[in-house]
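Shown next, in structure tokens, is the structure this report addresses.
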There are 2 protein chains.
Amino acid sequence: MTETTPGKLYGLGVGPGDPELISMKSYRLLQESQVVAYPTGRAGGGNALSIVEPHLREDHIMLPMMYPATAGKVADSPEYPQLMTDFYDDTANEIAAHLDTGRNVALICQGDPFFYGSYMYWHARLAEKYDTTVVPGISSVMTGPVVLGKPLCHRTDTVTVIPATLSEEEIEARLKVADSAVLMKLGRTLPKVRRVLKRIGRLDEAWLVERATMEGERVIPMTDDSVEKAGYFSICVLPCKTPV
Amino acid sequence: MTETTPGKLYGLGVGPGDPELISMKSYRLLQESQVVAYPTGRAGGGNALSIVEPHLREDHIMLPMMYPATAGKVADSPEYPQLMTDFYDDTANEIAAHLDTGRNVALICQGDPFFYGSYMYWHARLAEKYDTTVVPGISSVMTGPVVLGKPLCHRTDTVTVIPATLSEEEIEARLKVADSAVLMKLGRTLPKVRRVLKRIGRLDEAWLVERATMEGERVIPMTDDSVEKAGYFSICVLPCKTPV
């Protein structure tokens, strides 16, 4: 009897949205995988899948991993943390089952896997047991300024990255002492971020970048308060203060 | 008489060091360029060039742009700002001369062009006059944690990126209020950064990542004070405090 050599786990950053912004390494490891695992919402699809779709082969085995919820009612419930733990446990088991049969699994992650990427929750469950390679990706922090056409930082500028899901007080405390900044996870938090920027006197420097390099990309000055809600894949960019 | 259509300027992020971590888009635009412009030190070569070297064609026209200085005596002199202005002006003119003859110029930039990238100084001189495309790249901020094998940030963590060339007091003020952090441009500033980390009680969480994904890559705990000087392409990573 021969033992099956387990497959390899690839945690692949696939970049911000444009399928061409995937690295050659993530592309190659995707081709060396038999299974492509991707997070998806109830509606199916998802950004990570859209990014790699042009790069898929017909014989790729697709493994959609459906989040219990990404926002709204379920996310605010007391059961949410346990729901998510169960979700990661269950889907990690599905990935492990493929790896155990000798298949390589590409777990694709929009942006970068270790920079707010949910890949890290599967990594924590699988990387010790299986041969694992993580590939960094182009983050929206770098992509937003490029889409905007303004450098984010230079020389001695510091850059502060702030999840807009923090409280208004916490965002203000951090933005007050920031040079350049990027706010992530904007969505419903847009009015809160706008209030803070106004109070600290930097509203007119700030830009909303929605769906950078994806279909429906938009760049809007934060002063435009006709926009009350941003898509979840939006960031707010405060480029460097000092001229380049 | 026919007028020559000017060539296009491509500001290409080519990633952290591994030639395979270039995006498919930067790779394509490199192939669509006749000229490859790259910053280099007095010794010649340079990281940006090493990254694209495997991707070059024999008929690529190489345009090395030699910095007057990158560190040490000249950088500290009062003439330095003017030397750099002249350097960017002169080399921008060389690029423009190629563009004017209809050649596309790929200006390659290690990491990302708008994230501490010197590309921005040429962009400021050329982008208004010439058709310009900037392509983001994988930054060392994302690569360091991947090499280290530890996620940088998740959930409501903030990330503070700090050039270690700031004063000890400024670094301390920013690190004190940071969750996750990355210090850039380490080099001779290593002992200073180590002192600050010790004072704020986070030395044992911090890692030095040298030459991530390049030849000579090293990962060293910041507690190891046998290392007194880091290479210029080193970063210090403080991964997320809360467990993933």
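None of the figures in this text is laboratory data; all of them are computed from the coordinates on show. As the structure is a prediction and not an experimental result, all values here were calculated from the model. Cβ placement follows ideal geometry from the backbone for every residue including glycine, while neighbour counts extend to all protein chains displayed.
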Per-residue Cβ neighbour rank within 10 angstrom, fewest leading, B:ILE108, A:ILE61, B:ILE171: A:ILE61, B:ILE171, B:ILE108
Can you put A:LYS176, B:LYS198, B:LYS25, B:LYS8 in order, fewest other beta carbons within 10 Å first? A:LYS176, B:LYS198, B:LYS8, B:LYS25
Using a label position 7 Å from Cα in the Cα→Cβ direction, what is the ascending list of nm distances from A:ASP90 to the same site in the other copies? 6.6
Spelling it out for A:LEU107: with amide H atoms placed in the peptide plane at 1.01 Å from N, the residues 5 or more places away or on another chain with amide H under 5 Å from its amide H are A:TYR10, A:GLY11, A:LEU12, A:ALA37
Between A:ASP131 and A:TYR232, 0.36 nm times their residue separation minus their Cα-Cα distance comes to what? 33.1 nm
Quick check on my link table: of A:LYS241/B:LYS229; A:LYS198/A:LYS229; A:LYS192/A:LYS229; A:LYS176/A:LYS198, which ones sit more than 21 Å apart, alpha carbon to alpha carbon? A:LYS241/B:LYS229
Mean-position separation - Cα centroids, the range A:38-107 and the range A:1-16, in angstrom: 15 Å
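Fewest to most neighbouring Cβ within 10 Å: what's the order for A:ARG211, A:ARG155?
Details: A:ARG211 19, A:ARG155 13.
Going from sparsest to densest Cβ surroundings: A:ARG155, A:ARG211.
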Local charge sum around A:LEU203 (other residues, Cβ-Cβ under 12 Å, Lys/Arg +1, Asp/Glu -1)? +1
Peptides A:10-17, B:17-24: what's the order by average Cβ count within 10 Å, highest mean first? A:10-17, B:17-24
Once both label points are put 7 Å beyond Cα along the C-beta direction, the B:LYS198-B:ARG218 separation in nm becomes 1.9 nm
Per-residue mean of other chain beta-carbon atoms within 10 angstrom of the beta-carbon, peptide A:146-153? 6
Give me, ordered by chain and number, the residues 5 or more places off A:MET65 or on other chains with an amide H under 5 Å from its own placed amide H. A:TYR38, A:THR40
Taking the simple approach of a point 7 Å from Cα along Cα-to-Cβ for both A:GLU32 and A:SER50, what is their distance in nm? 3.0 nm
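How high is the relative contact order of the range A:6-158, given as a whole-number percent (alpha carbon pairs under 8 Å, six or more residues apart)?
40 percent
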When the Karplus curve 6.51 cos²θ - 1.76 cosθ + 1.60 is applied with θ = phi - 60°, which whole-Hz ³J(HN,Hα) does each residue of the range A:49-62 get, with x for Gly and Pro? 5, 4, 5, 8, 3, x, 9, 7, 9, 5, 8, 5, 8, 8
Å³ per residue enclosed by the Cα convex hull of the protein assembly as shown: 181 Å³
Residue with peak Gaussian network fluctuation, chain A [Cα springs, cutoff 10 Å], from A:TYR232, A:TYR121, A:TYR80: A:TYR80
Running Debye on the range A:58-182 with equal point scatterers at the Cα sites and no solvent, what base-10 log of I(q)/I(0) appears at q = 0.22 Å⁻¹? -1.30
Of all GluC sites (Glu not before Pro) in the range A:35-106, the ones in DSSP coil with at most 13 other Cβ atoms within 10 Å are A:GLU58, A:GLU79
Could you list the residues of the range B:1-28 with an amide nitrogen less than 14 Å from a label point located 7 Å from the Cα of B:ARG57 in the Cα-to-C-beta direction? B:27-28
